[in-house]
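Chemist: Structure in structure tokens, see below.
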Amino acid sequence: MLGSLSLLAATPFAFRSFSPSSNNNRSLSSGTNHQIAKQLATESGRGSQKLLRLHVFPVYRRVSYGSPISAVMIDDSSTITTSEENTQNIGILDIDSALRPFKDHFQYRIKKFVDQKNLFENYEGGLEEFAKGYLRFGFNREEDGIVYREWAPAAQEAQVVGDFNGWDGSNHKMVKNEFGVWSIKIPDSEGNPAIPHNSRVKFRFKHGDGVWVDRIPAWIKYATVDPTRFGAPYDGVHWDPPPSERYEFKYPRPPKPKAPRIYEAHVGMSSSEPCINSYREFADDVLPRIQANNYNTVQLMAVMEHSYYASFGYHVSNFFSVSSRSGTPEDLKYLIDKAHSFGLRVLMDVVHSHASNNVTDGLNGFDVGQNSQESYFHTGERGYHKLWDSRLFNYGNWEVLRFLLSNLRWWLEEFKFDGFRFDGVTSMLYHHHGINMPFTGDYNEYFSEATDVDAVVYLMLANSLINNILPDATVIAEDVSGMPGLGRPVSEGGIGFDYRLAMAIPDKWIDYLKNKNDEEWSMMDLSCSLTNRRYTEKCISYAESHDQSIVGDKTIAFFLMDKEMYSGMSCLIDASPTIDRGIALHKVGASSNMIHFITMALGGEGYLNFMGNEVTRYIFCLFVQFGHPEWIDFPREGNGWSYEKCRRQWTLVDTDHLRYKFMNAFDRAMNALDDKFSFLSSTKQIVSCTDEENKVIVFERGDLVFVFNFHPENTYDGYKVGCDLPGKYRVALDSDAWEFGGHGRVGHDVDHFTSPEGIPGVPETNFNNRPNSFKVLSPARTCVVYYKVDESVEETNGINVISVSEKLEMDASEQKNAEESAILVDHGDKENPQETNDRDTASFDEELQKDGAKQESIEEPAASVLDKKIVGSKLDEPEVEEMEDRTPDD
């Protein structure tokens, strides 16, 4: 969401973070990552440092066991000794020595974290028990009745009203305790609940000026609106279905993957029809597509109830309620359970950075002018986000902590989510919320009086809670600032996220597509941008955000192919140069597929794709796999409340004569490659060549060798690439293969044997600092990935390991049927595994010969005429980037 602020995004490079476009740029044309990190770490101690002053802030502490839900503000120093014991050994300072000047800051926030946990332990039974607030607040069944509790210290009188009492609360007045909690027990009537399931309820209270107002209960578990009334207010709904109507989960959570391959989706706009889709339709129609394309994780947007549909779910009004537009809580459970049956984990896009400004249907309705300690939000400017028009939480408030932490536990336990993507983390971390803040990577920007330590402590508590409840949870932070320690464990003094989003990468691609010709693309700049992240802190890379499509900017596919997206995607006509370029780049990571693939392979330890993009790979920003080649436009007055551009056109990929199927096939192949070789989870990442003249990038991820040729015209025969391990290499994935809409110029049955380079153990004598090399054919605008053949397995089994491209080609027929029928394809359980669309190897070789792309020679080749240029062997370029086997002080 922060992308909408148009902030200058800087993700960390090695340890330090700096913006590629800031005035503090340093040349990256030579030297290794760890050398640059060492230089920056040395310089970080220079100049003034604004350390956070160690004020003694009051904290919440329970004063009585009489009420398990009460709290007051007092100064507390009872746990200082314990806190000091926990702040002496801060592991993150050993990982990054450049953080040592900010030790006082880390000690201060760790002390606040430990103190808060101790208070929970002493007065609430611990953090996990404290986060069970939904069992106490809101409507809950207790002995012989329903008990309703609401924290509203500013209210003078209160009642509960609804369908059950004809909206007359005179007989259902609530009682307030000394801590601002109102409660009432409503006895059962003739053995039945007095408040029927699925009936409307509201909290009615009188505030200081004598005015009575109706509000939706803060902890309500379902909220609906009358669809026949324009602008109708939402109503809280008492959701307590009888056992026969409750959804019972049938499938266990899938195990945590080595690396998440995430499909981000918006259920409401996932239909091909101009309407709001349902949870059950998404589960039945869309989940099979996601599984078939080899994703292992689904990230759901807009789950929490939000009254304004066009907010994309980011202006949350009811935090414990599922969005009623797409169905009931039981319907969402069905979706998640079905995803688990497919082996897909499900993450929720959780919004705790702010809340809807709406009064009648949102949490903001409880703010009637009281002070901050009696409200969910800060008062004055501190409690309002001027760019988002939303309210900002007071993370230092005991009941706010209960509300938010319980909210996380609710979604994990009631709905079986497997983790979260925290939205708007940058806004939480700083009092300035990142507004007009060009983060340059200077550590003083992260650890100063501008840091909101209350919010930092809340995030530490949240991640501790999540990990205690679900140790295998995946938790991702959307942070544009690059704060050090965000992705390190709380036990080390970090904030505790598993991953952060690599938010600078899509900005880099948009800048290139908008402002640079193909010939102006810098291989070094792209490589540095993709590897610019903090050592030991994992990132989720992605090439395109939903932000571009929401605000009406072009998606990558449209930048590449523009109006020809509408007229030039048929396979029944020859592809124009524009379409040919667009599909190639979309495929490989430079334009579209190329852009996506190099982003995946080099940009992080996990990968995310937005709904629909797999089909039009940068085409639409939101539906990560097949979708709509335009922008997203929610129903609004300006478009006549139309859903026409708020849906996914799945027919694009399902229509066999359209070229969208090629991009989808490559998307499937990218994920299959990681499934087979687990390169995303590998810590071995070495960029050995950024060839500016020839527009080639060569790197190793795990034991795979990636060769990206971004040149618009030149094909290189006998291009020499460096590698680590000696032996025999073959093609694992080829973007130029026929099944991806390519020209089939690279032979998949060719053996590439390595040659030793230089003196063993002396990198400067090697080729591009790699001890071995082999030669390849590298067509223009393609990417080819090579794997090392395990020759001992070959000799034992007497068979060859097929490449990912060949495997996908063999499965193409069955895959097509699966997509058309939206039926899950389990490649491990095919009834007829031999019924594939095999292509005769001999005919394949004949096609290669026709294209002038014979098997590459491992000897020195003569110059050959390929494509439009005469290109010979590449010159040696000793240029290397390494992100492997480094120590913090290297």
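Chemist: How high is the relative contact order of the stretch 685-798, given as a whole-number percent (alpha carbon pairs under 8 Å, six or more residues apart)?
Modeler: 33 percent
Chemist: How many nm separate the modelled label positions at Ala194 and Glu449, each set 7 Å beyond the Cα in the direction of the Cβ?
Modeler: Simple spin-label model gives 5.4 nm for this pair.
Chemist: Would you list Leu429, Leu725 from the most to the least accessible area, probe 1.4 Å?
Modeler: From most accessible down to least: Leu725, Leu429.
Chemist: A further question on this structure: Given N residues in the stretch 685-798, what is Rg(Cα) / (2.2 N^0.38 Å)?
Modeler: 1.07
Chemist: Rounded to the nearest 20 Debye, what is the dipole magnitude of the stretch 685-798 about its Cα centre when Lys and Arg each give +1 and Asp and Glu each give -1 at the C-beta?
Modeler: For this selection, approximately 180 debye.
Chemist: Rounded to whole Å and ordered largest first, report the semi-axes of the equivalent ellipsoid of the stretch 393-544 derived from its Cα gyration tensor (root of 5λ).
Modeler: Taking √(5λ) for each Cα gyration eigenvalue gives 31, 18, 14 Å.
Chemist: Give me the dipole magnitude in Debye, nearest 20, for the stretch 261-412 about the Cα centre, with unit charges on the beta carbon: positive for Lys and Arg, negative for Asp and Glu.
Modeler: 400 debye
Chemist: Could you state the number of Å between the C-alpha centres of the stretch 98-131 and the stretch 250-319?
Modeler: 34 Å
Chemist: Between Lys206 and Thr228, what FRET efficiency follows from the Cβ-Cβ distance if R0 is 30 Å, with the result rounded to 0.05?
Modeler: Efficiency, from the Cβ-Cβ distance: 0.45.
Chemist: Quote to one decimal, in nm, the extra length available between Glu129 and Glu142 on full extension: 0.36 nm per residue of separation minus the C-alpha distance between them.
Modeler: Full extension from Glu129 to Glu142 adds 2.9 nm.
Chemist: If I model a spin label at Ser792 and Glu178 as a point 7 Å from the Cα along the Cα→Cβ vector, what separation in nanometres do I get?
Modeler: Result for the modelled spin labels: 7.4 nm.
Chemist: Another question, then. May I ask you to compute the full-extension gain from Leu725 to Val762, defined as 0.36 nm times their residue separation minus their alpha-carbon distance, rounded to one decimal in nm?
Modeler: Roughly 11.8 nm would be gained on extension.
Chemist: Further question on the same structure: Kirkwood hydrodynamic radius (Cα pairs, Å) of the stretch 455-505?
Modeler: 11.0 Å
Chemist: At R0 = 25 Å, how high is the FRET efficiency between Glu414 and Tyr308 if r is their beta carbon distance? Nearest 0.05 is fine.
Modeler: 0.50
The values are calculated or read from the model by the stated rules, or taken from the named source; none is laboratory data. Remember, predicted model here, so these are calculated numbers, not experimental data. All Cβ positions, even for glycine, are placed from backbone atoms using ideal geometry, and neighbour counts span all protein chains on display. The accessibility values were calculated without ligands, DNA or RNA, using every heavy atom of the protein model including side chains. Shrake-Rupley method; radii C 1.70, N 1.55, O 1.52, S 1.80 Å.
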